[in-house]
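Heads up: the structure comes next, in structure tokens.
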Amino acid sequence: MPQTKNSLFDTFQRPMQDLRISVIDRCNFRCSYCMPDAEFGKHYSFLQTKDWLTFGEITRLTKIFVSLGVSKVRLTGGEPLLRPDLHELIGQLSTIKNIDDLALTTNGSFLAGQAADLQKAGLRRLTVSLDSLDEATFKKLSGGRGSPTEVLSGITAAKQAGFRNIKINAVIQKNINEHTVLDLVDYSRSSGHILRLIEYMDVGNCNHWESTAVVKSNTLLEQINAQYPIEPLEANYYGEVAERYRFKDGQGEIGFISSVSQPFCGTCTRLRLSTDGKLYTCLFASQSIDLATPLRNGATDTELTALITTAWHKRADKYSENRYLFRSIDRQAPKVEMFQIGG
Ligand code: SF4
């Protein structure tokens, strides 16, 4: 078991290590597995800007999380590059000692215009969501928004700005984009970016998830291995979600994130802060701890630290390991939407 400087452990002895911060709940895409247009169209009320945690509040809370053992911080959304002046927040967070990894996940559509500023401000790592290189398939998944060309030019700009080991995340669905996976593999092998294939998950309450729509990682692994032989690699760190493989011909590596077929809750070190300051201890949580109200009512750092410490100590989330049990329960409490807390 890894020991971070001052580890805080939950009920399954999992250390608190990885904080994901949703800086905005809005997005310019309407990906069917996350924010389907039918439910989150023009009539849906997203958070008002007054409800967003300010950069100062995010930085203050992040310092507290880091004092409790967090060493990895990832900015997410919605689409984080829609949050105005995001590079200023990155500048503030990059001055916090003991953050080993400051990363961001984006759909890439605004990256071309912001990559240089993000890098200059201190962002260390980038993950770009790209579910297909085929225009029609891409649009089928994004709610008709954006294009692979736009995302690719964003990735190119990020590489020119100095980002390395850029991760490309693709959520694979049966009979939707499964047939275009090898194009993504070819792109990642030729570009040097790291492709990660993600099993389609029942996040939130609106993507009408069916287990029959899941393409299991092992299936993809066999297909890819038949074309480009691969071999397993060690995890980069405790709690890493992707199973890593390298191409035997030296053309880089590929990862598989198998929350459905091979749940990884046993080593889950992640917690999530929503745009409006609610703390979630699981991607599939139904409950949260409100940090914004006490923070705005003058709570001290000690009081906020106690709230977070209690939340983690009591943590017993293992949704993916018990997915089918939970799904069999009627009147399940609604889960948080993924775009409210980031993936
Ligand atoms: S389902 Fe919850 S506990 Fe399991 S790995 Fe995902 S976030 Fe962690």
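The values are calculated or read from the model by the stated rules, or taken from the named source; none is laboratory data. Only a predicted model underlies this, so the values are computations on that prediction, with no experimental measurement involved. Heads up, the Cβs are rebuilt from the backbone with ideal geometry, glycines too, and the neighbour counts pull from every protein chain shown. These area figures cover heavy atoms from the full protein model, side chains too; ligands, DNA and RNA do not enter into them. Shrake-Rupley method; radii C 1.70, N 1.55, O 1.52, S 1.80 Å.
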Q: Output the qualifying pairs, or none if there are none: Cβ atoms under 7 angstrom, residues six or more apart or on different chains, first residue in segment 148-174 and on the phi < 0 side of the Ramachandran plot and at pLDDT below 95, second residue open to solvent by 20 Å² or more (accessible area, probe 1.4 Å) and not small (Gly, Ala, Ser).
A: none
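If you take just the helices (runs of 4 or more DSSP H) that sit entirely in segment 293-343, which of them hold at least 2 residues that are within 19 Å of Gln17 (Cα to Cα), open to solvent by less than 30 Å² (accessible area, probe 1.4 Å) and away from the ligand (no atom under 13 Å from the Cβ)?
301-313
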Q | Residues satisfying the stated conditions in segment 8-25, i.e. outside any strand (DSSP E or B) and within 15 Å of the chain's Cα centre (by Cα) | A | Gln17, Val23, Ile24, Asp25
Q. Can you tell me how many residues in segment 44-97 are closer than 20 Å to Gly343 by Cα and in contact with an Asp or Glu (Cβ under 8 Å, 6 or more places away or on another chain)?
A. 11
Q) Is at least one residue of segment 167-188 part of a strand (DSSP E or B) and of a type in the set (D, E, K, R)? A) yes
Q: Out of the residues in segment 234-285 that are open to solvent by 60 Å² or more (accessible area, probe 1.4 Å) and more than 16 Å from the ligand (Cβ to nearest atom), state the one that is farthest from Ala333 (Cα to Cα).
A: Asp249
**Q.** Candidates Leu81, Leu75, Leu47 - the one that is under 24 Å from Gly108 (Cβ atoms), modelled with pLDDT of 95 or more and touching a Phe, Trp or Tyr at 6+ places or on another chain (Cβ under 6 Å)
**A.** Leu81
Q | Of all residues making up segment 53-77, the number that are assigned to a strand (DSSP E or B) and either open to solvent by less than 10 Å² (accessible area, probe 1.4 Å) or within 23 Å of Asn297 (Cβ to Cβ) (or both) | A | 3
Q) Among the residues of segment 4-28 satisfying the criterion of being of a type in the set (A, V, I, L, M, F, W, C) and surrounded by 22 or more Cβ atoms within 10 Å (Cβ to Cβ), which is farthest from Val203 (Cα to Cα)? A) Met16
Q: Sort out which residues of segment 78-115 are part of a strand (DSSP E or B), among the aliphatic types (A, V, I, L, M) and in contact with a Pro (Cβ under 9 Å, 6 or more places away or on another chain), and write them in order of number.
A: Leu104
